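Working notes, structure below.
Each reported figure results from applying straightforward, stated rules to the coordinates on display, with no laboratory input. This structure is a prediction, so every number in the text was calculated from the model and none was measured. Cβ placement follows ideal geometry from the backbone for every residue including glycine, while neighbour counts extend to all protein chains displayed.
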């Protein structure tokens, strides 16, 4: 029996791997700043300090995150852990001279 991965419940299992669905928003105030949330449209419940930092957030994509999926600038396991523990993950732009590839 195979498990099909796709939209559905907020957290699933895909072939035995835990999957976390995330909606990604781009900051209009700070280039390269993104916020991942577990619940689409749930940006109003983000901490006030985070909202002040990011300004208005614009939805850019929805992702199924699992250990098998690499992200360009973040460690996917860190993102998943933050989503599960606090409901969001903040991705800041890389600092000047910093390697922008996730490790």
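Taking the number of other C-beta atoms within 10 Å as the exposure measure, put 58, 76, 35 in order starting with the fewest.
Numbers: 58 11, 76 17, 35 21.
Ranking 58, 76, 35 by Cβ neighbours within 10 Å, fewest first, gives 58, 76, 35.
What is the gain in length, in nm to one decimal, between residue 42 and residue 17 on full extension, counting 0.36 nm per residue of separation less the C-alpha to C-alpha distance?
Extending this stretch completely gives an extra 6.5 nm.
For 80, 61, which order do you get if you count the other beta carbons within 10 Å of each Cβ and list the fewest first? Present the calculation step by step, with values, prior to reporting the outcome.
Working: 80 22, 61 11.
So the residues, fewest neighbours to most, are 61, 80.
What is the distance, in nm, between label points placed 7 Å from the Cα along the Cα-to-Cβ direction at residue 64 and at residue 52?
4.0 nm
With the cut-off at 1.5 for a/c, could you classify the range 12-91 from its C-alpha gyration tensor as rounded, prolate or oblate?
Here the range 12-91 falls in the prolate category.
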